[in-house]
Amino acid sequence: MKSLKEKFFHTIDEDGKIDMQGVVLSRSPNRVTVQFFSWITGFPNGEKTFTELDALNWRFYKTEGEWINAGDKVFA
């Protein structure tokens, strides 16, 4: 995983559907710390550190706009 800092993402559940949403705060060797956002309010609602292996199936977006557009489709 190259430069993930400040990349927006969605986690993917076992059925291949978008589950959680957030942004990468930092990356250190084999670890990724993220900020999650609420689906309802859009406000930050927690931070967590994952291994890079945990994040392999997440969807990362080039821009915040792409991330928002993909998230909007969850409720469409």
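Laboratory data are not the source of any read-out in this text; all were calculated from the coordinates shown. Being a predicted model, the structure only gives us computed values, none of them experimental. Note that we place each Cβ from the backbone using ideal geometry, even for glycine, and neighbour counts take in every protein chain shown.
Hand me the list of strands (runs of 3 or more DSSP E) wholly inside the chain holding 3 or more residues that are over 11 Å from the mean Cα position of the chain (by Cα) and either aromatic (F, W, Y) or surrounded by 12 or more Cβ atoms within 10 Å (Cβ to Cβ) (or both).
Once the strands (runs of 3 or more DSSP E) in the chain are filtered for at least 3 residues that are over 11 Å from the mean Cα position of the chain (by Cα) and either aromatic (F, W, Y) or surrounded by 12 or more Cβ atoms within 10 Å (Cβ to Cβ) (or both), what remains is 44-51.
So, of the residues in the stretch 29-61 that are of a type in the set (K, R) and without any contact (Cβ under 8 Å) to a residue 24 or more places away in the chain, which turns out to be farthest from H10 (Cα to Cα)?
My answer is R31.
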